[in-house]
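One structure is given below, encoded as structure tokens.
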Amino acid sequence: MSDRLPPLTALRAFEAAARHMSFAMAAAELNVTPAALSFQIKSLEKHLGAPVFKRLNRAVELTEEGALLRPGVEDGFAALQSAWRSVQRKLDSATLTVTAGPGFTAKWLAPRLFSFAQANPDIELRFSASLQMMDFARDDVDVAIRFGQGDDTGLYSRNIIDEWASPMVTPALAERLRTIEDLQELPLLHDDHVAFLSQNPNWDYFFQLNELPPNSDHGPRFSQSDHAIDAALAGAGVVLGRISMTEAHLRDGRLVMPLNVGIRLNASYRLLCPLGSETRSQVARFIDWVSEETKGIGQYAEGVTFLNSES
């Protein structure tokens, strides 16, 4: 029996027909007639020396040989598509696809994009606000900004923000917040988005560090950090605001940190891309821009006493 592979068109016809379990649907996807697709399947079966489909009255089923062949053929075409996209991205210096979480995109990234676009008019930016697990080859993404304690093995990784949080309120509400004890008299806004961290930086943890009783039942809860911050901006209460999400509001004075105390999170924002991609022109320029934009965040930590500095 020969090890020579059948024509690629026959394998493609088999892969589509096996995925749809329909010759008609596979033919429509490949933009060929059902007769032409059936001819390709028969060519593959002749090459193999065994049928790969059972032709039923109005349907098809895989034979044992077809079921054995299907996973390898699907993986093979997926690998070809991935390799093709990788080469296309390498050759493309005009577009840059970036993914970041919805909250970070809304509160930090999006408000600054105009400055990047002005400085780099030759780059077409594309954004995906998502928290899903990412595969650079599969998802056609050039750069990812991710938050947490992730394992970046095998990737280019640059730390851009070491996260910390502090009680933040509007200037009007700050008049009622003179001491840490005053927090228990104000509506507390709970940001549950960071509950996945090994040390959950929530209000109970903050009060514990200050030797005060927990207060987790007091105030509304939010599953997204930006929603909790928006509530604070509306004067609804005090939020344990993360610096990455609130830096712009501290800068414009819409939020303040009247107590000048905070907690460090054992997590950071990292800028990630496949190893070697960091030298591509548009990726390198984006990395430099983000690094420059995040430099100023450090000034807000000046004068803040971090209650858990030892951790």
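Read the figures in this text as sums done on the coordinates, not as results from a lab. Everything numeric here is computed off the predicted structure, so don't read it as measured data. Virtual Cβ from ideal backbone geometry, glycine too; neighbours counted across all protein chains shown.
Below, the figures for the structure above:
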quantity: Under 13 Å from Lys54, Cα to Cα: aspartates and glutamates that are on another chain or at least 8 residues apart; calculated: Glu45, Glu64, Glu65
quantity: Candidates Gly241, Gly150, Gly49, ranked by Gaussian network fluctuation over the chain, Cα under 10 Å, top entry; calculated: Gly49
quantity: Relative packing of peptides 98-104, 248-254 - highest average C-beta neighbours within 10 Å first; calculated: 98-104, 248-254
quantity: Computed log₁₀ I(q)/I(0) - Debye formula, equal Cα scatterers, no solvent, the stretch 102-254, q 0.17 Å⁻¹; calculated: -1.06
quantity: Residue among Met25, Met168, Met245 with the largest mean-square fluctuation in a Gaussian network model of the chain, springs linking Cα atoms under 10 Å; calculated: Met25
quantity: For His190, His20, order by how many other beta-carbon atoms lie within 10 Å, fewest first; calculated: His20, His190
quantity: Ratio Rg/Rh, restricted to the chain and using Cα atoms, in which Rh is the Kirkwood radius; calculated: 1.17
quantity: Volume per residue that the Cα convex hull of the stretch 8-91 spans, once the total is divided by residue count, Å³; calculated: 92 Å³
quantity: GNM top mover of Gln299, Gln282, Gln81 - the chain, alpha-carbon springs below 10 Å; calculated: Gln299
